[in-house]
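The values are calculated or read from the model by the stated rules, or taken from the named source; none is laboratory data. Bear in mind that the values here come from a model prediction, so they are computed numbers and not experimental data. Here Cβ is always computed from backbone atoms with ideal geometry, including for glycine, and neighbour counts include all displayed protein chains. Each accessible area value is taken on the protein alone, full model and side chains, heavy atoms only, with ligands, DNA and RNA left out. Shrake-Rupley method; radii C 1.70, N 1.55, O 1.52, S 1.80 Å.
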Amino acid sequence: MADNEKNNKRNPLKNSPPERFQPKVLIIWLAIFAAIVALWFLNPGSTGKGISLKIQAVLDAAQAGEVSDGLIKSDPSGGKDWVVLSGKIKNPERGGAESIPFRAEGRLTDENFAILQKTGAFVEARASTFLTQFIFSLLPFIIIIGLLYFLFVRQLKNAGRGAMSFGKSRAKMLTRDREKLTFKDVAGCDEAKEEVSEVVEFLRDPKKFQKIGGRIPKGILMVGPPGTGKTLLAKSVAGEADVPFFSISGSDFVEMFVGVGASRVRDMFEQGRKHAPCLIFIDEIDAVGRQRGAGLGGGNDEREQTLNSLLVEMDGFDANEGVIIIAATNRPDVLDNALLRPGRFDRQVYIDLPDLVGREEILKVHAKKLPLADTVDLKTVARGTPGLSGADLANLLNESALTAARRNKKTIEPIDIDDARDKVQFGRERRRIMDDEDKKIVAYHEAGHALVQALVDDGDMPVHKVTIIPRGGSLGSTMFIPKKDTYNYAKRRMLNQLACLMGGRIAEEIVIGDITSGASGDIKMATKLAHQMVCEWGMSPLGPIAFVENQDTVFLGRDIAKSQSISEATSRSIDAEIKNIIDEQYARATELIKENRSALSLIAESLLEYETLEGKHVAEIIEFGEIRSEVIRPEPAASSEEKVKEEKAEDTSDKEPDALPPPVGPAHKPA
């Protein structure tokens, strides 16, 4: 806290918003400047006390060159030829070293007037009339009243107008001059594009569907995991459609005042009816579409009023022909059933994670603006990135470009993409200073994981890389990348994964003769995986019975009293089966490591020497007893020892030395 306060004092404008040009402020400053100038000219010579002189004394001083900035101003109130002379005259008391203001009044003949003009020190001022004097006397008051108007009256009007605009819709209409996205810019979700493109085609040619008796869907709900392209697909619809397109977020309906959300919904549909046919896109609709009456403490009345207004506007007594709603969410399970019925959202388009072909198409779209080397094969990149969404793939290519730029390259090479993939999926390398004993423990721990996985793998989940360099939140990592997209998880594969999870602990116990806390992450994953096998997937002698208490939606108000109760005897049986599964795989992994003790030591020694081994090196050690292919040493993450020490000082928390994938999922990331 003290450091933050010091930084704020050093740089007080660090957190300030960006400056913007405000015309009102400029007008106010101009008015103030005009008032100052007017007051200045209304009282010439008022900057000092000044002295009073006679006309003849001024004539003599002007002829002697002692007068400057002189002004001749006629004053009809004193009579004919009555003038007021003002200016600056040299001060005789100080030997003429400085000038002081003076003022003289009296009659000035034409002859003397000519003498003053001849000296060049005087300028004749315009004769002031009663009207000009009146205007100049009122000018300061007018300026002050104008300032008060700008500062107070207009602000009060704007405040009142803002209060009345709370119920106005915040939907933004996309203009034609913006950069448009089309269906060509969206890849990896062909089925979803077909569903949405029918709406665009109907808007372009409605008679084609009306001839056969079809009607346009009133609403399309796009559902899918984060990063799969729901909002991007909506943007492409805006680019393809030749009709007005409104965009709004679900949170824009929510306000601190009661009734504002419902009013904004009505105003949004009112705008849509004025521009019909049109499209309205609501992003993250679960912010206002959650189930009514949900929660342990009762529902939020304001949110329910907003939802009720949305339900009525979408399908109520008042027809909204030509207003099509497109909504996106990644939480369809929390939406109200009345919102999902046909007539409101007629179609639910599910946008899943892209498959191999979809990932390749997505990579091609994002690689158009990147200088890829000729050796880069996007199909190979797509094959090595299962489980990644479109946003993850875009981030992967962006990290590849940053990696290539950091290495002073002009094109992106395959090694840059591989390093970026490891960074995105498994975390960034973090060099730490460890002693020989810690390095040995981590090396044998990771060698145990790699050895068991290489022995039990049937080709679906080969070892990708083994490293003892800290990466992400772990001190070491054993990485696996599946060769194909996985949709079902066989019992055989789950048992192999359990054996691999136990390999690190077993290697520590056999070689070092002791166990460490480094296997805590492995134990948690193994326990969770075994629990899923017994309680959810029926992969135990207890049979195909689900022993899961449904408590995922307690705070939605569902199934609180209907949760399945499990007897104590059944709970003991479940615990026993979970322990049996883990014990069997522990014994299996122990036998494999003891039979291949020399390979374990060679993998660990190679890790201590090279720090990072690829999967092919592990396979060569098991098959030939040595590494036959070249080992590429990784580039150091820090450029100096000071950076390493600084990073170590910043992170003092206990980390686990292993990093294995979650029990379910095609992508394997460190814990």
Review point. Of the trypsin sites (Lys or Arg not before Pro) in the range 330-414, which ones lie in a loop per DSSP and count no more than 16 other C-beta atoms within 10 Å?
Key: K368, K369, R407, K409, K410
Review point. Name the trypsin sites (Lys or Arg not before Pro) in the range 207-243 that are in a loop by DSSP and that have at most 14 other C-beta atoms within 10 Å, would you?
Key: K211, R215
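Whole number in Å², please: accessible area per residue of the range 362-422, 1.4 Å probe, ligands, DNA and RNA not counted.
The answer is 50 Å² per residue.
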Study note, to complete from the structure: the range 576-635 accessible area per residue, 1.4 Å probe, protein heavy atoms, integer Å², reads 57 Å²
Point to revise | Given charges at Cβ of Lys, Arg, Asp, Glu: the range 185-291 dipole, positive-most of G289, L221, V265 | key: V265
Check your understanding: Which residues in the range 190-205 place their backbone N less than 18 Å from a point set 7 Å from the Cα of Y350 along the Cα-to-Cβ direction?
Key -> 190-196
**Study point:** Calculated FRET efficiency for the pair D583/S517, C-beta based, R₀ 25 Å, to 0.05
**Key:** 0.75
Exercise for review: Return the carbon/sulfur percentage of the accessible area of the range 386-493, one whole number, probe 1.4 Å, all protein chains in place.
Suggested key: 48 percent
Point to revise | Accessible area in square angstrom per residue, the range 478-548, 1.4 angstrom probe | key: 45 Å²
Review point. For the range 191-259, which whole-number percentage of the solvent-accessible area (1.4 Å probe, protein heavy atoms only) is attributable to carbon and sulfur atoms?
Key: 54 percent
Check your understanding: Which FRET efficiency value, to the nearest 0.05, is calculated for K364 and A569 with the Förster distance at 56 angstrom and r the Cβ-Cβ distance?
Key -> 0.45
Point to revise | Label-point separation in nm, W82 to N488, each point 7 Å along Cα→Cβ | key: 11.7 nm
